[in-house]
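Peer 1: Before I ask anything, here is the structure I am working with.
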Amino acid sequence: MFDLNNTSFAEDPRNIRLALTTDGHRRFLNQRHRFRLNRVRFNGEQEFRNPPKRLSGLDILEQVKDINVTFGRKEEAKVREKRRRDERATEEKNVCDNVIYTLLNDSTKSKDHLNARKDLKALGSKQDLWPDENEKKLCDKRLIIKDLDKLQDQIVLTLCHMEMLFPPSFFTVMIYLVVHLVEEVKLGVLYLGQIKSYVRNKAQPEGYITEDYLMQEILTFCSRYLDNIKTIWNRRKRVSNEPTYIDPNLRISKLFPQVGESNIGFTYFTLAPIEKRQAHRHVLTNCRAVDNYFRDYRDIVKKRLRSQIRDTTKIDKKVHRKFVDWFSNHICTNLNKLPDVDKDILISLSQGPYDQARKDNGLKTHNSGVFGTFGTRSYSNSKDTRMNFGAVPYYEKLVDIIELFYNGFIVLLFKCQWAKTTSPRGIKKDNLSFLSVNFTKLIHTGEHEDDEPYIKASETQIVYYVDDEKKKGWCIPIHLKS
């Protein structure tokens, strides 16, 4: 099976004969280096290949996509730490073993043995092998960034010299990995500063690093579940998003709470008639002070349709389209019957918002979105008369942040792109219970009057989206702790 999947690798007799050893370090040299043309001291061939292509994260994901992932048992902290220490020492140990035991000609662990020399004879290369103790030092306690590139060239050159001296069986995978050490150092050098801060006694640096790192991981994990204690996850940020203005009218603050503040300025604009109606309708149908009027109008529509088939879908559509106009007329004709606690608010709502609104200027987001769960009436199709009511999760991508001005108060709304989460084509879970959302087919785009592209800021939770590299158009929502 391996030969079928890796034909170019299987065709090379060295790889079959020498059990997956590697002796092609010359490909990492400069194209004009003299070792590339040297046949006698290497494998009998000139080397014109470039270094292997570095795999991106997407390439690696494509290679491991068919691997069945199963979560193993939980390890105790001591066992996990011991395993980490063993892994860190594995490469160093194997490299040293190959070098030392070969140089010392150990009878059991040396890589320079009779069978290895027979393999060289079969390949027709490297007729002379002479010992050389002029080995270069590849490690240091201090790192100088500008010298790392030179060190990489020295490592490749050293491996090529070793390739001239040792049989191919010497070059196991662990020896080959030395080529990549400099790149790994460059990636980890930024983290070394934090690691060094853990050391309080230079006599035992490894113990301090291990102990402090483990404690940091434990505290970070526990702090995510502590809501009543100040931690780095719930403390007040230097740049606060708390509203700078809170309405002195407690009733207004309760019905329409202010969320956040604008840090980048704002722009005034005129609402289009369809935008004004859609935004105002959402404010009315999601205001507790209007709930009783909404139920009254629904009962009125039900009675009017008594002579017809009582289709729940038809009732919902009629209420959705006509409630705004009915509410305005009803409040104006019943001013004396309004409750005192909400009288001013109901009158302002019946008049609707001003044509002028305000939105954040230069809104820039990166995969920013919002999430909300709402009680939604649903039907299997347009002819279905059996209504199901339940909490439906909705995922949206943020488009605009808008402030509606009413007589006496302001309502903050988000204009969003809504994923079709009422259908399996818009939302699904994989076998590991990860949720995916599809934004290629949107609902409530705002093009039609019945659409609902707006949502109150106080009704939402913040999420961001990570694109699924395997399935185009799908993304995974990540919920942020509020």
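Nothing in this text is a laboratory measurement; each read-out follows from the coordinates by a stated rule. Keep in mind the model is a prediction, meaning the values are calculated, not measured. Glycine gets a Cβ as well: all are built from the backbone with ideal geometry, and neighbour counts include every protein chain shown.
Peer 1: Once you have a ≥ b ≥ c as the square roots of the Cα gyration tensor eigenvalues for the stretch 387-482, tell me rounded if a/c is under 1.5, and otherwise prolate or oblate according to whether a/b is larger than b/c.
Peer 2: prolate
Peer 1: Under the classification rounded if a/c is under 1.5, otherwise prolate if a/b is larger than b/c and oblate if not, where does the stretch 250-479 fall, given a ≥ b ≥ c as square roots of the Cα gyration tensor eigenvalues?
Peer 2: Verdict is oblate for the stretch 250-479.
Peer 1: What order do you get for 466-472, 205-211 when each peptide is scored by the mean count of other beta carbon atoms within 10 Å, highest first?
Peer 2: 205-211, 466-472
Peer 1: Which order do the peptides 192-200, 408-416, 178-186 take when ranked by the mean count of other beta-carbon atoms within 10 Å per residue, highest first?
Peer 2: Ranking the peptides 192-200, 408-416, 178-186 by packing returns 408-416, 178-186, 192-200.
Peer 1: Using packing as a proxy for protection, rank 443-449, 345-351, 324-330 so that the peptide with the highest average count of other Cβ atoms within 10 Å comes first.
Peer 2: Result, highest mean Cβ count within 10 Å first: 345-351, 324-330, 443-449.
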